[in-house]
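Computed from the coordinates by the stated procedures, all read-outs in this text should not be read as laboratory data. Nothing here was measured: the structure is a model prediction, and the numbers come from that model. Ideal geometry is used to build each Cβ from the backbone, glycine not excepted, and the neighbour counts take in all protein chains shown.
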Amino acid sequence: MPNPRLAGRYAKSLVDLALEKNALEEVYKDMLFLQKVCKNSRDFVNLLKSPVVKADKKAAILDAVTGSEITELTAAFNRLLVNKGREANLPEIITAFIDLYKQHKGIQTVRLTTATPVSEELKNQIIGQVQQQAGNSKIDLTTQVDESIIGGFKLELGDTLVDASISYDLNKIRAQFLNNDFIYKIR
């Protein structure tokens, strides 16, 4: 069950500890690695959430999966999560940590969704436009391909969404036809 408050607390604690130990960048790389593991292995996430698997087995598997890929600070944090019975929240804690890291560094995340892959040149132009409009020099652009938008793009910046997709326009036209906006009401 998602618990964003718990994830936020653990992530903030890890950020504070990493700042105190001057290891924020290393822990951030560890979190990116763990996020990749969680996204690529649904079985791993299900194992962490399983009430049947004992805590010591989960700790051993977590250590075996991460191995020498993560720092001792992150490994100790993972052991703490297992000892406290919070290992099921690891994917949420990772996401919250990455968000706090970006907030600490002043990095804004921009998500671009298009129907076809975009070139690096276009990505750089979009980053330039967003930097000019938002006044922020640090932009993290993530791209996603979604053929269901047919054409155009969707651009998400924080809580702002610019939907210039063909599917959005078609849905607006469909709604107008369903409302009979094109038929004069006589009476």
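If I filter the stretch 83-113 down to residues being in a helix (DSSP H, G or I) and among the charged types (D, E, K, R), which single residue comes out as nearest to Lys49 (Cα to Cα)?
That would be Glu87.
Report, by residue number, each residue of the stretch 3-33 that is within 17 Å of Asn78 (Cβ to Cβ) and not in a helix (DSSP H, G or I).
Lys21, Ala23
Go through (1) surrounded by 12 or more Cβ atoms within 10 Å (Cβ to Cβ); (2) over 30 Å from Lys49 (Cα atoms); (3) touching a strand residue (DSSP E or B) at 6+ places or on another chain (Cβ under 8 Å) for Leu122 and report which single condition fails.
(3)
Determine whether the stretch 74-82 contains at least one residue that is part of a helix (DSSP H, G or I), surrounded by 17 or more Cβ atoms within 10 Å (Cβ to Cβ), of a type outside the set (Ser, Thr, Tyr) and touching a residue at least 60 places away in the same chain (Cβ under 8 Å).
yes
Name the one entry in Asp30, Asp63 that is within 17 Å of Asp99 (Cβ to Cβ), of a type in the set (Asp, Glu) and surrounded by 13 or more Cβ atoms within 10 Å (Cβ to Cβ). Quick ask: steps written out before the conclusion?
Details: Asp63 fails: within 17 Å of Asp99 (Cβ to Cβ).
Of the residues listed, the single one that is within 17 Å of Asp99 (Cβ to Cβ), of a type in the set (Asp, Glu) and surrounded by 13 or more Cβ atoms within 10 Å (Cβ to Cβ) is Asp30.
Contact list please: Cβ distance under 8 Å, first residue in the stretch 154-180 and at negative phi and surrounded by 11 or more Cβ atoms within 10 Å (Cβ to Cβ), second residue of a type in the set (Val, Ile, Thr) and assigned to a loop (DSSP other than H, G, I, E, B), pairs at least six apart or on different chains.
Ser165/Ile150; Ile166/Ile150; Ser167/Ile150; Leu170/Ile150
Quick check: anything in the stretch 100-123 farther than 24 Å from Ile149 by Cα and among the aliphatic types (A, V, I, L, M)?
yes
Can you work out which of the residues in the stretch 46-58 that are touching a residue at least 24 places away in the same chain (Cβ under 8 Å) and crowded, with 16+ Cβ neighbours inside 10 Å is farthest from Val15 (Cα to Cα)?
Filtering first and then ranking leaves Lys58.
Just one of Gln144, Gln129 is part of a helix (DSSP H, G or I) and without any contact (Cβ under 8 Å) to a residue 40 or more places away in the chain; which is it?
Gln129
When the residues of the stretch 9-18 are filtered to those that are in contact (Cβ under 8 Å) with a residue 24 or more places away in the chain and surrounded by fewer than 17 Cβ atoms within 10 Å (Cβ to Cβ), which remaining residue is nearest to the chain's Cα centre (by Cα)?
Per the criteria, the residue is Lys12.
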